[in-house]
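Readers should treat all values here as calculations from the given coordinates under stated rules, not as data from a laboratory. Since this is a predicted model, take the numbers as computed values, not measurements. Neighbour counts are summed over all protein chains in view; Cβ atoms, including those assigned to glycine, are modelled from backbone coordinates with ideal geometry.
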Amino acid sequence: IPKKKTWYDPTAPHYMFQDDPYLTPRTSAEFKLYSLSQESGRMAANHIVNKNPKFFQKDFAEPHIPCLMPETMELCIEEVSEAALLERIMLRKVKAAVDMYDQLLQAGTTVSPDASNDLLDLICLYGDRDPVQDDKPEAEDVVGYYLCGLYLENNNAERIFNLLPERDTRAYSALIRGMVKYGAHVKAFNTYTDMLNNRLTADVHTFNALISAAPEVRERYTEKWDLIVDLLNQMNEQKVKPNLLTFNALLKALRRCGSLARAQSLHTLSEMKAMGIAPSLASFDHVLGIFYKAASPSQGQTDILQEVMTEVAGRTFVAQDPDDVNFFSSAMRICLDTKDIEAAYKVHDLLRVGENWRMLGDSFQQSIYYGRMFNLLCMMEHIDVVLKWYKELIPSLYYPNPQGMRDLLQALDTDNRLDMIPQIWKDIRRMGHDNKSDLVDELLSLMARDKHSPEIQESFAVCALDVKSLYEQGQGARMALEWTATAMTNITSVLLAAQKKQQAWDMLKLFKTKNRVPSEELMEEFLASIKSSNDPQHAMELVQISASFCLPSTPKLAERVLQAFELSEEQKYDYCLGLLELGTTDVNSTPSEGSHPLHLLRPLTP
Amino acid sequence: MVGEKVIELQDYVKMVAEQSEQRVGVKMEGVTESVKIEEIPVKMDSEKMEEIQTKTALLPIPEVKLEDVKESEEMKEIMLASKTEEVKQKLEVTMAVVKEGETIVEIQVKTEEVVDVKKEGDKVVEEQMLEVNKEEQQTEAPPKDEIQPVKSGKESLLDLLGAMKVEVTNKRKFKALKVQRTSETAARPMPAAMESTTSMFQEATGMADVPAPAPSETLSPELVAAVSAAAATLPSQSQAESELLKKLRQHEAIGEAQKNGDVNNIGVIIADMKVGKKPNGRQNARPANQIRFDEDGRGYTHDRGITAELDGGLRRRRSLFSGKRLNIFTPSTEPEADTDIAVPTLWDMELANQVALSTNQMPRNGFEEMIQWTKEGRLWQYPINNEAGLEAEAQVPFHEHVFLEKHLEEGFPRQGPVRHFMELVVSGLAKNPYYTIQQKREHIAWFRDYFQQKEEVLKEAEVYLN
């Protein structure tokens, strides 16, 4: 028997990408681009096929494969009939369907109750607007969504509802659900009252919609809760069995009921159990949201997360509620807020059970989840464990943002593994974060801060030169980094520590050309380096450069140079003259006694 | 150990049987129960026996064989003892049933009593066989027993047998038929008995070729009559009758679903099937490699659905659920009504769409992608069914496709060149697997019209002889 194969290879790109190293995403932007490319290619092909069905009539497949044939998107039935109405409903043409219905009524034809109910469903579902076609660009979709967010007064839904010869539960249900969906909450409750007056009973969907609308129509927390309880009691009276979505709507509404939500949410869970309805991930998500409010300072009920995790551990979940996908990222947020690494591991274990990975949601939610998890790991775990997770997550599952990489750098710093920095820098470059100046600055300062063994210093120097080349070439279309004084200082000191005098010297000259001023510490480091190699010529040059930057420490530096190096009289004279030439203006402007170059010569001239 | 192997083997054999059943599905449609059961062995003997035998050869059968040997020796003794007047009397009862029911549902109908009779009757034949060729009987026994699930692999039969609390193997059933025949001719010698079984097979296949009535939700009147006749032999007549009819309807429904490409049902039924032994002393002496059913008469347990699973999941007391509840709803124990199976409205579709969009549906590897394609219908379903996509034609028996001469009866001359031409057309059509029966008829009808239009011309040429 073959062993169970785990289909996860952390070094491999996701299956959805082209099997070509060039098209393997390395950054989150590339990830988005490439992961959408396949789907959008498919959609483009579908669009062409559906727009030109006459060219795609050849049916090669035996037996026939319906999904390969063009879909009919256009209306076929022209005459005024109920079939035409049904066709328009099926193709989700809201306006055309309403027109057809009106024409049918004008012609005196009676429309069957099913058809008119379908029409009402359609209008209420799409808010009396034609749905945005899938093949339209995304931007229009967003606009359409916001436009749909408004409920129109005197729209077709109510007009057709009033035209119906007999309004049954289904018609009322559609109207109420549409009203709730498009934000006419008070109106929805009025319609419900109207429905009760007509001695009709509501169905479960109506109640679900009303429960989710309940927090909108009341001000105070207790009033909201009373309204919800009232609705539930009416449900019971009308012999309507609640379903999972009822309880999820209830829990979601409870999130907006303030302090009484905590107790009531637990009661709700018990009620679900009593009714034999298994909570979905959305239910648990709402409970967690009730107990861990982002803004609330008190973290008293921290054990709720543990209880939820024990409850769900090892179970496979199937998506039943659109909110189910929020569970993982919000559970991880709570783990991060409470700095609970054990719970985080439990959440991640749950994600690996069965098909639960599907519940993580789209790539955006995935990146949030993994970002939080990685942040927590960097904060709480030893660097070896962090690096293990880093290897597992980074190339294939998670593309960290600059903040994530800074967290990693800090973790490296905490556990004294700064020797990893050059490797991390390669990853940073690969992930395209090498143009984030704060990240690069942090990396450089970490490299420059401490003294390390020569090998590490050597690798740091290579890394620093790489960073420098990045500043210089400006990487084509991408924004080049702007040199900062600290970055230059750090690079120079890293180079000095690695005994790369020539490159360090080049850097020092670069300060001048970029109009940046090196720090005094850097000058000291330079001097120490020059001392160790005993090169008076360079020492004098250093003092001259320092003077040219008008560093206040120049005289001290000059003095130390004179003390440190055995200079001939001639050399000293040239040196002082050079200083004078360089710093004439400065000499006048800084009249302090000790700092004047000529004073340096005083002991020399008898 | 052996028992496990045997159960495995039976599962395998059943699987094979299902496939073969699909293959012969065209003929099965609407044919009465017993015919179906007989029909498979006919195919089976040639096609599947080899497979089965090779399969059995791999198993550590010796123990089983030994048992069989012992058993057959025991049987001899029993048989000798059971040759009584009473037995013969009951055999006559069986015959009466058979006559009433036109031999159709004979096996389903056996009460315990009758079966016992038959068992003892078996021994009569068995003894003869043993006398003639005891060696053969011993070696044959295991494969024969393996065939039994093949034959009864039809879930209809399983349902029936399970519901009737009767243990019948086809082996015994054949024997019973033999006994009937032997009782007619006063214990014929063994070769004759064998002959009678083969003739029975021929009969069975002959019946299978009889045009099947169009499938409908109701059972055919013949079948209903047979069932009521069968039920008449049982103590509680009306109950048994309704039970039988219910089972038959169930089977028909399942058969229909299966023909329409819904093969899941069988999997469910097989998965739910319980294989066990009866602790009854006498029955323990039988070969262990037979499917037994539960004592509760259900045969198999229904899927209890998600709520049952849920009970188990929630029964653990967690502090998360241990608090008091809202006490608004009263949980009802009565099963969920069928209201949820109504036509999905736009809202339902929209919700399903939202849920699907919110989750990550990207395949993670090639297999998942292929699973997705299979669901979309782009790939063949497994197991491969070469009649996939021919669901509409599955209702049409093959002879409708092959024997098309009857369409030449009207509108064509009895002899002459036109007739000769049309015979060629018909023979070509008979071999054409691509046309539906309707298309073939239309094809012939077109020629009929054509020749009728050209009647004058043909008469002038003196070829249209009628």
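Restricting to the stretch A:6-31, what's the tally of residues that are of a type outside the set (S, T, N, Q), surrounded by 14 or more Cβ atoms within 10 Å (Cβ to Cβ), out of contact with any Pro (no Cβ under 8 Å at 6 or more places or on another chain) and closer than 20 Å to A:MET405 by Cβ?
Number satisfying all stated conditions: 2.
I'm told A:ALA202 meets every condition in (1) buried (at least 17 other Cβ atoms within 10 Å of the Cβ); (2) in contact with a helix residue (DSSP H, G or I) (Cβ under 6 Å, 6 or more places away or on another chain); (3) assigned to a loop (DSSP other than H, G, I, E, B) except one. Can you identify the failing condition by its number?
If we test A:ALA202 against (1) buried (at least 17 other Cβ atoms within 10 Å of the Cβ); (2) in contact with a helix residue (DSSP H, G or I) (Cβ under 6 Å, 6 or more places away or on another chain); (3) assigned to a loop (DSSP other than H, G, I, E, B), just (2) comes out false.
For the stretch A:54-90, what are the residues that are in contact with an Asp or Glu (Cβ under 8 Å, 6 or more places away or on another chain) and touching a residue at least 12 places away in the same chain (Cβ under 8 Å)?
A:MET69, A:LEU75, A:ALA84, A:LEU86, A:ILE89
Determine the pairs where a residue that is under 22 Å from B:THR436 (Cα atoms), located within the stretch B:396-420, has a partner that is assigned to a loop (DSSP other than H, G, I, E, B) with Cβ atoms under 8 Å apart, the partner being 6 or more residues away or on another chain.
Between residues of the stretch B:396-420 that are under 22 Å from B:THR436 (Cα atoms) and residues that are assigned to a loop (DSSP other than H, G, I, E, B), the close pairs are B:VAL396/B:THR436; B:PRO397/B:GLU29; B:PRO397/B:PRO211; B:PRO397/B:ALA212; B:HIS399/B:PRO211; B:GLU400/B:PRO211.
Mind checking which residues of the stretch A:508-527 are buried (at least 19 other Cβ atoms within 10 Å of the Cβ) and closer than 13 Å to A:CYS550 by Cβ?
The answer is A:PHE511, A:PRO518, A:MET523.
Tell me which residues, restricted to the stretch A:44-68, are away from every other protein chain (no Cβ under 14 Å), surrounded by 13 or more Cβ atoms within 10 Å (Cβ to Cβ) and among the hydrophobic types (A, V, I, L, M, F, W, C).
Listed by number, the residues that qualify are A:ILE48, A:VAL49, A:PHE56.
So if I check each of A:SER173, A:SER283, A:SER265, which one is within 11 Å of another protein chain (Cβ to nearest Cβ), in a helix (DSSP H, G or I) and in contact with a Ser or Thr (Cβ under 6 Å, 6 or more places away or on another chain)?
A:SER173
In the stretch A:384-414, how many residues are free of Cβ contacts under 8 Å to residues at least 40 places away in the same chain and surrounded by fewer than 16 Cβ atoms within 10 Å (Cβ to Cβ)?
Final tally of qualifying residues: 6.
Could you grab me the full set of residues in the stretch A:415-433 that are buried (at least 19 other Cβ atoms within 10 Å of the Cβ) and not in a helix (DSSP H, G or I)?
A:MET431, A:HIS433
Sort out which residues of the stretch A:176-194 are part of a helix (DSSP H, G or I), in contact (Cβ under 8 Å) with a residue 24 or more places away in the chain and away from chain B (no Cβ under 14 Å), and write them in order of number.
Correct list: A:HIS185, A:VAL186, A:LYS187, A:ALA188, A:PHE189.
Considering only residues that are more than 12 Å from the chain's Cα centre (by Cα), at negative phi and more than 8 Å from chain B (Cβ to nearest Cβ), which ones fall in the stretch A:354-369?
A:GLU355, A:ASN356
Can you confirm whether A:VAL240 is under 37 Å from the mean Cα position of the chain (by Cα), of a type in the set (Val, Ile, Thr), within 25 Å of B:VAL343 (Cα to Cα) and within 14 Å of chain B (Cβ to nearest Cβ)?
Considered against the rule, which asks whether it is under 37 Å from the mean Cα position of the chain (by Cα), of a type in the set (Val, Ile, Thr), within 25 Å of B:VAL343 (Cα to Cα) and within 14 Å of chain B (Cβ to nearest Cβ), A:VAL240 comes out as no.
Would you point out the residue of the stretch A:370-383, among those that are more than 20 Å from the chain's Cα centre (by Cα) and not hydrophobic (A, V, I, L, M, F, W, C), that is surrounded by the most Cβ atoms within 10 Å (Cβ to Cβ)?
A:GLU381
Just to confirm my filter: which helices (runs of 4 or more DSSP H) fall fully inside the stretch B:354-453 and include at least 2 residues that are within 39 Å of the chain's Cα centre (by Cα) and among the basic types (Lys, Arg)?
B:437-453
Would it be correct to say that A:ILE334 is under 24 Å from A:SER212 (Cβ atoms), away from chain B (no Cβ under 14 Å), crowded, with 22+ Cβ neighbours inside 10 Å and not basic (Lys, Arg)?
yes
Any idea which residue in the stretch A:69-95 is nearest to A:THR109 (Cα to Cα), counting only those that are under 40 Å from the mean Cα position of the chain (by Cα) and away from chain B (no Cβ under 14 Å)?
Residue satisfying both the conditions and the ranking: A:LYS95.
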